[in-house]
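Quick one: this structure, given as structure tokens, is what I'll be asking you about.
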Amino acid sequence: MQSLTYKAGRRAALTTLGTRVLMEWVITAVVSILLVLWLSLGQVIQRGDNLFYDTVSQLTAAKPHSDIVIVTIDDRSLQAIGAWPWPRSQHAAMIDRLAAANTKAIGYDVLFIEPTTDDAILAQAMTQAGNVYLPAAIDTPGMNGKLSSVSLPAPVIRTAAAGVGHGLLTPDSDGTIRSLPLWVRADGQVLPHLALLVANNNNRLAAPASNTPDDGNSALEALQPRLIHYPDGIAPYPGVSFVDVLNGEVPADFLRGKRVFVGATAQGMGDRYATPTTKDGALLPGVNIVASLAQDILDNRPIARTEGWLAAVVSLIPLAVMLAGFLTLRPISNTVLGFSLIIVTLLVSALGLKLGVWWPPLAACAGVIFVWPLWSWRRLAATYTYMRSALNDLRSDDAARPLSALSPVHDWKSGDEISRQVLSFSSALKQFRDFNRYITQSIHSLPDAALMTDLDGVVLVANRRAHLLFPAKTLEGAHLDDLFNSIGLREWRGLIDADNSERDEIQLADGRSIQIAIAALTDTLQKSTGLIVRLADVSHLRAAERERQRTLQLLGHDMRAPQVSILTLLDSANRPANLEDHIRRNARQTLNLAEGYVQLSRAENQMLTFDLINLADLVTEAADTLWPQSNAKGVELLIPDDGEEYLVEADTALMRRVIINLLDNAIRHTPTGRLIACTLSRLDNKIMLMICDQGSGLSDDMKTRLFQPFAGGNVAGSGLGLAFVHTVIQRHGGQITIEPPHGTIPPYNGACFYIILPAVEGE
């Protein structure tokens, strides 16, 4: 009952364990997916993504354009010209110089909002140049209670300019400018960026549609924000001082065909910001940032952002792979997979940025990093629970308790709880391995051949006795169909757990009797998993049964009958005149039976001593021994006299007795004046001895039981002589038959016996 309870408990435990693993996997997946979505859609890890973006940007920085030049309003120019602001006539003179050098476009990053007396001079210079672009000032909040307001250059200057755009620099939360809006909407106006105007140089620009309706008091709206491929370094573009250009110290060829940006770089003038490519805390003047945006527009290398739900879904892909690995891979493989996913995620993001697609990777990496220890913790907890449950079940298993004394499981007291359970489980595994060894040793030590197979009949384990039974076979991996076919058993599946003993015993070609028993192997859940096959050699049992039957027949009938005849003659009132002859004949018959029985038992059981003998010499000796009987009866014995040697390996005494028995039998059944022929010949690598008489021959009934003990009839006096002959010849690896071999013609029409033995080549 306890064993059945244990099996049911193990089945329930395994089912519960599988369900628990699946449930914990689902919970882990849901929690980690929600985390990735929250991180991807929120701003929590934006600084980390920005840092990675900056690092990759430095590695993939753009090569600065040679046709962009910056005219800097630097400290030296302020010292030479005077304090800021300068008269607009100075700016007009600068524009004249640039126009005279035939520059392609001029981005004059200086605000000319308030009207002055020099506006006409500046406007005239701008009109003559025809390619000067000015910025407008945008304030948030705006004036007069507006959410935003735009301050354009003075009217006369605005009219002379080739275009007016915004010059907003919009840093991220960490103060680094990674992108700028190509267009902005403020105070009911949509303005392009100054860099966009310079890059397009008088090409008509179509303003993008806004996402919000214009109610006349709308907040500042950035349209078409563009990530910038910055050139590397703090001063990537050639720069010349304002005063040097104004004084004509810069060659006109240096400026010809260039896009020129004029802006403040002096300390305390203009904005300075960090960019992805600036290092060591350096800040880049705003005019350089505007020039970088212009180059990015000219290169036409926009970086597409992966934002919102699209970025979130992409970030879930590494997590999904990791979750799938939890169900299919080993822990070490999951470790390798986790590191690989993080590395691949970062590489994909970096490669995407190089190719023009920015996908923030840290949410995906965070998902893998979070789910990894979470699942490991849950699996560790489940493993601990399972080990504790398995150890308790093992200790309560009645089937394993008898062997547990041979290999006890130790309870460890030192270390932490996990270490104790691991050590205890390791001890239990050793016990399990010991059980397997005990079972294997038991199979190999069985006195009978034993095989263990799977349900299909493929051999898994075979003991030494089985290898002796099938010496020419490789047993491990062999199939029972082939093995049983080799010993003459065609159908074996009906023997599984069968009770019919008549069906499970077969006779081998060498005379051995093999009893076969097949039982099904079941596991702790009562499920059939394999077969165990026992092949017991019961030849000695069958030989003992035959010996017993033969002894009973000898004592109960064959030897009893002559004694009864003697007693009957002695007790009879009318005794025959030749009473003495009758008694002598019955006594001699009794002695012949006893002698024949003894000889047959020796032939079956005694150890053979093989010698190299000439079979022709044994035939001659046997004929000489029986010459008195043949001479008295007037029967002539013809023996081979060709002088050739017929060498065989045989037990000399037993083989001599075989020839004497056959010749004596032929003499007794050959009429007076007839012949008995003994011939020796070779058949391939064998030697054949033929003994034929001129008697009445053998009946069909006699032929069927000729070599059986106590066959009777008129063949042998005791009924054991030919059984003795048959046994000896078989033990010598030969055969005896009364049918002539192919190509052999018997010399007479009586009884003929053919003995065939393996030949030995003469030295």
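List every residue pair whose Cβ atoms lie under 9 Å apart, where the two residues are 6 or more positions apart in sequence or sit on different chains, the first residue falls within region 142-153 and is touching a residue at least 40 places away in the same chain (Cβ under 8 Å) and within 21 Å of Leu111 (Cα to Cα), and the second residue, located anywhere, is among the aromatic types (Phe, Trp, Tyr) and part of a loop (DSSP other than H, G, I, E, B).
Pairs found: Pro153/Phe112.
Need a quick list: strands (runs of 3 or more DSSP E) entirely within region 72-180 having at least 3 residues that are surrounded by fewer than 21 Cβ atoms within 10 Å (Cβ to Cβ) and on the phi > 0 side of the Ramachandran plot.
Where strands (runs of 3 or more DSSP E) fall fully within region 72-180, none carries at least 3 residues being surrounded by fewer than 21 Cβ atoms within 10 Å (Cβ to Cβ) and on the phi > 0 side of the Ramachandran plot.
Show the residue pairs that are 6+ apart or on different chains and have beta-carbon atoms under 7 Å apart, the first residue being within region 479-505 and assigned by TED's automatic domain parsing to the domain that holds Thr453 and over 15 Å from Ala450 (Cα atoms), the second being modelled with pLDDT under 75 and loosely packed, with under 13 Cβ neighbours inside 10 Å.
Note: no pairs meet the criteria.
Could you list, ordered by first residue, the pairs with Cβ atoms under 8 Å in which the first is in region 641-660 and farther than 21 Å from His726 by Cα and the second is of a type in the set (A, V, I, L, M, F, W, C) and in a helix (DSSP H, G or I), at least 6 apart or interchain?
Glu644/Ala616; Glu645/Ala616
For region 425-477, enumerate the residues that are crowded, with 18+ Cβ neighbours inside 10 Å, in contact (Cβ under 8 Å) with a residue 40 or more places away in the chain, outside any helix (DSSP H, G or I) and of a type in the set (A, V, I, L, M, F, W, C).
The answer is Ala449, Ala450, Leu451, Met452.
While we're looking at this one, here's another question. Scanning for something touching a Lys or Arg at 6+ places or on another chain (Cβ under 7 Å), at pLDDT below 90 and part of a helix (DSSP H, G or I), does region 332-353 turn up at least one residue?
For region 332-353, residues touching a Lys or Arg at 6+ places or on another chain (Cβ under 7 Å), at pLDDT below 90 and part of a helix (DSSP H, G or I): absent.
Has region 129-141 got at least one residue that is polar (S, T, N, Q) and in contact with a helix residue (DSSP H, G or I) (Cβ under 6 Å, 6 or more places away or on another chain)?
No - not one qualifying residue is present in region 129-141.
The values are calculated or read from the model by the stated rules, or taken from the named source; none is laboratory data. Note that this is a predicted model, so its numbers are computed, not measured. Because the Cβ atoms are built from the backbone with ideal geometry, glycine has one as well, and the counts that use them run over all protein chains shown.
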